[in-house]
1. How many of the residues in segment 191-205 are open to solvent by 70 Å² or more (accessible area, probe 1.4 Å) and in a helix (DSSP H, G or I)?
2. Name every residue in segment 209-249 that is at pLDDT 95 or above, open to solvent by 60 Å² or more (accessible area, probe 1.4 Å) and in contact with a Pro (Cβ under 8 Å, 6 or more places away or on another chain), in order of residue number.
3. In this structure, is Asp283 of a type in the set (Asp, Glu), touching a helix residue (DSSP H, G or I) at 6+ places or on another chain (Cβ under 7 Å) and open to solvent by 30 Å² or more (accessible area, probe 1.4 Å)?
4. What's the number of the condition Lys486 fails, among (1) at pLDDT 85 or above; (2) touching a strand residue (DSSP E or B) at 6+ places or on another chain (Cβ under 7 Å)?
5. Criterion first (over 30 Å from Arg183 (Cα atoms), open to solvent by 60 Å² or more (accessible area, probe 1.4 Å) and in contact with a Ser or Thr (Cβ under 9 Å, 6 or more places away or on another chain)) does Arg435 satisfy it?
6. With respect to Tyr179, is the statement that it is outside the structural domain of Leu294 (by the TED database), touching a Gly at 6+ places or on another chain (Cβ under 9 Å) and of a type in the set (Phe, Trp, Tyr) true?
7. Taking the options Thr41, Thr70, name whichever one is in the same structural domain as Ala128 (by the TED database) and in contact with an Asp or Glu (Cβ under 7 Å, 6 or more places away or on another chain).
8. Out of the residues in segment 2-43 meeting the condition of being surrounded by fewer than 17 Cβ atoms within 10 Å (Cβ to Cβ) and polar (S, T, N, Q), tell me which one is nearest to Gly66 (Cα to Cα).
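The values are calculated or read from the model by the stated rules, or taken from the named source; none is laboratory data. Model, not experiment: these values are computed from the prediction. Ideal geometry is used to build each Cβ from the backbone, glycine not excepted, and the neighbour counts take in all protein chains shown. Please note that ligands, DNA and RNA were not included when accessible areas were found on the heavy atoms of the full protein model with its side chains. Shrake-Rupley method; radii C 1.70, N 1.55, O 1.52, S 1.80 Å.
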Amino acid sequence: LCLSTAPDLEAERLLHGLQNGSRERRRETLHHFVLLAPDVTFAQEVISRDGLQRLGTIIEDGDDLGEVLTLALRAFLELMEHGMVSWETLSIPFVRKVVCYVNMNLMDASVQPLALRLLESVTLSSPALGQLVKSEVPLDRLLVHLQVMNQQLQTKAMALLTALLQGASPTERKHMLDYLWQRNLRQFIYKNIIHSATPLGDEMAHHLYVLQALTLGLLEPRMRTPLDPYSQEQREQLQALRQAAFQSEGESLSSGLSADRRRSLCAREFRKLGFSNSNPAQDLERVPPGLLALDNMLYFSRHAPSAYSRFVLENSSREDKHECPFARSSIQLTVLLCELLRVGEPCSETAQDFSPMFFGQDQSFHELFCVSIQLLNKTWKEMRATQEDFDKVMQVVREQLARTLALKPSSLELFRTKVNALPYGEVLRLRQTERLHQEGTLAPPILELREKLKPELMGLIRQQRLLRLCEGTLFRKISSRRRQDKLWFCCLSPNHKVLQYGDMEEGSSPPTLDSLPEQLPVADIKALLTGKDCPHVREKGSGKQNK
């Protein structure tokens, strides 16, 4: 809206109307305020005349809980968005009054989203006032707002929720998230927000990204903590991991053995499990991934015991250097997942790239690990890898996981299906295609030129092949006793109509056409058999004597 008069005069007129007008005039004045507030010059004039305080009084008094309050909140927010006044200057009674509007049951539907938006800005900008909001807005109240099928109200409730979580200490954040998960917030988001009939807005997508990042951030302390070799609990966890893989074998062998023999047996089993050191604590001293790698291995052994046993036994019994080391792979895979999911990184202020499957099940990080470690074993076999190829395998697995996560599968099962449909051969093909695109080989002008030159190139190739046939080739004759001591020569006649061939002595010079007694007219050749279609290849494969 263009200002019809000077900003200072317009600001003076509207503020006078707020103070001395009837209810209807107040409503009209506030309506004009909302339209003009985005104009920075007008906003400066209003703020310099204590306009924010006058709007604050209307909000704090709460005489009219309908349209007048809605317009006052909108005008107040628009003026504050200019950043000329700090949110920290707001009074405690004012913030408490806005909290009341959020907590009230029977409230105008247009008021509460604005009240939530105001409290979000307060929480993000002022730690002291943020603590006030946190103590006076119960999490259950925000859950009630999230369950109202009003997208704007849901978005603003989620915004305040993520702001409160960001402002909390790590310990408080963990308690808050544990409580929200117990109240089935994850399931509600997955079913009623992500899979809602209404498309997800950009703002909600950002808040879901923040919620995902903060939840994954709870893993950071474990990721940054190395294994403590003196911790009884951690030693028992390592032994549980070993026993789950070699229980029957270990128990039967270790019964009646001396302490030294038992220790030796345990060390051997830990090496079979894929630890680089006989003392596995040394492998887990590296941070990241620290104890998070141990958590992942234990989760896999307990929640997918048959897959765990199969992985370990399949690889520990191999003696061809192609065994995939479970522990080493798990440690490196945990680092890789932390990097791909940006565990421990600060939240971006604009990102929206949350993963829908994260909200699809509990323990999503550990569940993702269970799928990924089995993928790693599959890829290892496809690449016929040895220990020397470990880093190459990890690069391929990184690519498989990154490409599949970028598709944003809606569930873990869909992720499993898609990532397993991306074998090593397909990764190579995609790399080649992308490389050609980057080099411009597949650019339209290049393709057009290639098509133009194709007939001429095909003619050159045909000519070169005919010349090679005319030159002829020396072959070894394979007798019934598999001896290769006789030779024969074959070439195409200059007029391309006859194949001429005959026996030759070793060391003799290439024969002339006249000296080759056998002939085969090209016109008599009905078909050319190659590879598995050739009967000689088939007979060799079936064990018959070659003809």
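1. 3
2. Scanning segment 209-249 gives Pro221, Arg224.
3. Working: of a type in the set (Asp, Glu): yes; touching a helix residue (DSSP H, G or I) at 6+ places or on another chain (Cβ under 7 Å): yes; open to solvent by 30 Å² or more (accessible area, probe 1.4 Å): no.
In short, no.
4. Lys486 satisfies all of (1) at pLDDT 85 or above; (2) touching a strand residue (DSSP E or B) at 6+ places or on another chain (Cβ under 7 Å) except (1).
5. On the way: over 30 Å from Arg183 (Cα atoms): yes; open to solvent by 60 Å² or more (accessible area, probe 1.4 Å): yes; in contact with a Ser or Thr (Cβ under 9 Å, 6 or more places away or on another chain): yes.
Judged against the criteria, Arg435 is a match.
6. Values: outside the structural domain of Leu294 (by the TED database): yes; touching a Gly at 6+ places or on another chain (Cβ under 9 Å): no; of a type in the set (Phe, Trp, Tyr): yes.
Answer is no for this residue.
7. Values: Thr41 fails: in contact with an Asp or Glu (Cβ under 7 Å, 6 or more places away or on another chain).
The match here is Thr70.
8. If we take residues in segment 2-43 being surrounded by fewer than 17 Cβ atoms within 10 Å (Cβ to Cβ) and polar (S, T, N, Q), then Ser22 is nearest to Gly66 (Cα to Cα).
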